[in-house]
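Throughout, read-outs are computed from the coordinates displayed, never taken from laboratory work. Not measured: the values here are computed from a predicted model. Using ideal geometry, Cβ is built from the backbone for each residue, glycine included, and neighbour counts are taken over all protein chains shown.
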Amino acid sequence: MNVLFIHQNFPGQFKYLAPALARLGHRVLALTMRAVKPGQWQGVQLVPYAAQRSSSPQIHPWVADFETKVVRAEACLQAAWRLKSAGFTPDIIIAHPGWGESLFVKNVWPKASLGIYCEFFYRPEGGDVGFDAEFATSDMGDAARVRLKNTNNLLHFDIADAALSPTHWQASTFPEPFRSRICVMHDGIDTDTLAPNPKVQMTLTTSYGEHITLTRQSEVITFVNRNLEPYRGYHTFMRALPDILQQRPQARVLLVGASGVSYGARPDPAQHGSKSWKEVFADEVRGRISDADWSRVHFLGRLPYPSYVELLQLSTVHVYLTYPFVLSWSLLEAMSIGCAIVASGTAPVLEAISHDQTGRLVNFFDAPELAREVCRLLDSPSERDRLGQLARSFARARYDLKSVCLPGQMQWVQSLCAKAP
């Protein structure tokens with residue numbers, strides 16, 4: 001069987017599925033805009049391509065997002081024609097349509113069965129938009145922009161034969177009748193690798209140049225984002241820090257994440273100048289934190305994956321906050337490692353964290369409550385152990401790569417093959 005994956009930053013969500021299909025002897029290719037050299041990756045033939053033009057500077061702002069997707073879709077279309085001219089015809093195509101690339105692939109291979117990864121359908125209410133009043137606007141065009149942002153999703157509904165979504169809530173954001181074509185199956189967590197390690201150590205350098213070695217006996221609070229920004233509750237976490245640091249004089253706070261923006265808007269230059277969200281909220285709370293306490297706060301930027309795993313293995317209490325949006329892998333990875341977790345009571349977190357079962361839930365906006373719950377767990381080793389063990393058991397039962405998710409994805413692929421003419 002010939003299989004074609006399409007993902008702007010391959011492998012992305014297909015990092016386990018694509019190699020698994022290659023190991024079974026299928027011919028697997030991947031079209032990607034990632035800057036890689038053509039070649040093999042775990043049995044998958046990589047076919048990079050690039051957009052031939054940029055977006056129009058004067059286009060109406062409501063349709064700028066869709067134009068960018070069309071530009072990428074055109075580039076993917078041209079790459080697909082080159083593959084077809086070289087003799088490649090896929091039986092099935094599996095695509096993440098979020099950036100538009102797969103819009104026209106059925107023009108090239110109309111008989112191929114197309115499965116798409118349904119990550120999120122935007123809503124004017126009930127999701128991320130308007131959730132956080134602090135950053136809401138009164139612009140009457142917001143709802144119009146959200147509706148137009150779904151144009152790419154809606155056009156894919158006409159050509160997709162089936163779909164995959166990682167959580168029930170994310171699948172529920174998509175409208176009927178397409179919702180019925182979505183199979184819910186997570187990408188999978190390698191729970192064998194992501195396991196507790198009582199011997200883990202990490203050495204940090206403080207702002208004073210002092211070297212600190214942390215172990216499982218250290219008191220470590222962890223917070224992980226791809227980028228430190230409001231969508232993932234960075235502002236709430238920072239506002240809880242003064243109380244946490246004051247009550248826990250031995251605690252070290254480790255924050256992982258870059259200074260950019262993955263979701264939402266950047267800080268308003270008129271109000272914040274050139275500052276990042278990281279700087280905006282660090283500056284907001286800095287006056288309430290002494291120099292000695294601030295030296296126990298460590299911004300680690302982005303970490304290599306092995307170091308990131310070690311950080312979670314070190315964690316005494318892990319904090320995960322998010323708008324109602326896409327669920328981060330980091331939450332499930334922390335659960336698999338057996339972290340004691342304090343999380344926001346938001347969708348789709350509620351699918352993984354049940355209060356006082358697999359973690360503790362707090363109001364996303366309530367920084368004092370977050371500080372209290374973190375400190376309560378720091379005071380109770382037995383509760384941390386209980387919650388961590390239950391979290392790991394739940395992750396293994398629901399999200400284990402080898403026993404649950406990959407078999408489920410492979411079954412979905414088989415159903416996709418059955419839809420091919």
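Annotations for the structure displayed:
- Dipole of the stretch 202-399, positive direction: furthest Cα of Val317, Pro249, Trp277, with charges on the beta-carbon: Val317
- Residues Glu101, Glu279, Glu284, Glu134, arranged from fewest to most other Cβ atoms within 10 angstrom of their Cβ, appear as Glu134, Glu284, Glu279, Glu101.
- Cα-based reach from Lys199 at 18 Å (exclusive), listing aspartates and glutamates while leaving out same-chain residues under 8 positions away: Glu219, Glu310, Asp385
- Average 1/r across all pairs of distinct alpha carbons in the stretch 95-170, invert it, and you get the Kirkwood radius: 14.0 Å.
- Net charge dipole size for the stretch 202-399 [Lys, Arg +1 and Asp, Glu -1 on Cβ; Debye, nearest 20]: 340
- Here the spin labels are modelled as points 7 Å beyond Cα on the Cα-Cβ line, and at Gln414 and Glu176 they lie 2.9 nm apart.
- Taking other C-beta atoms within 10 Å as the exposure proxy, Asp268, Asp243 rank Asp268, Asp243 from fewest upward.
- Calculated FRET efficiency for the pair Asn107/Arg302, C-beta based, R₀ 25 Å, to 0.05: 0.05
- Computed about its Cα centre, the charge dipole of the chain is approximately 1320 debye, with only Lys, Arg, Asp and Glu carrying charge at their Cβ.
- Residue among Phe88, Ala163, Leu377 farthest towards the positive dipole end of the chain, charges placed on Cβ: Phe88
- Quarter of Cα convex hull surface for the stretch 275-320, i.e. mean projection, nm²: 4.4
- Rounded to the nearest 20 debye, the dipole magnitude of the stretch 193-278 is 160 debye, with +1 charges on Lys and Arg beta carbons, -1 on Asp and Glu beta carbons, and the Cα centre as origin.
- Residues whose amide H lies under 5 Å from that of Ile341, counting only those 5 or more places away or on a different chain, are His318, Arg360; hydrogens are built 1.01 Å from N in the peptide plane.
- Förster-model FRET efficiency, 25 Å R0, Arg266 and Arg82, C-beta, rounded to 0.05: 0.10
- For the chain, the relative contact order is 15 percent, taking Cα pairs closer than 8 Å that sit 6 or more residues apart in sequence and dividing their mean separation by the residue count.
- Plainly put, the stretch 368-421 has a radius of gyration that is 1.37 times its Kirkwood radius, both from alpha-carbon atoms, as the Rg/Rh ratio.
- Dimensions of the stretch 202-399 along the principal axes, based on C-alpha atoms and rounded to the nearest Å, stand at 48, 37, 32, largest first.
- Taking the empirical scaling 2.2 N^0.38 Å for compact globular proteins as reference, the chain has a Cα radius of gyration ratio of 1.03.
- Applying 0.36 nm per residue to the separation of Asn9 and Ser56 and subtracting their alpha-carbon distance, the gain on full extension is 14.6 nm.
- Pairwise centroid distance, computed over Cα atoms, of the stretch 336-415 with the stretch 126-204, Å: 18
- Distance from the stretch 2-19 to the stretch 264-291 (C-alpha centre basis), Å: 37
- Nearest 10 degrees, 0 to 90: helix 234-247 Cα axis against the chain principal axis: 20
- In the chain, helices alone account for a calculated mean residue ellipticity at 222 nm of -10500 deg cm²/dmol, with every DSSP H run of four or more residues adding -39,500 (n - 2.57).
- Computed E for Val36/Ser354 - FRET, C-beta separation, R0 30 angstrom, nearest 0.05: 0.15
- Taking the number of Cβ atoms within 10 Å of each Cβ as an exposure proxy, the fewest-first ranking of Phe88, Phe281 is Phe88, Phe281.
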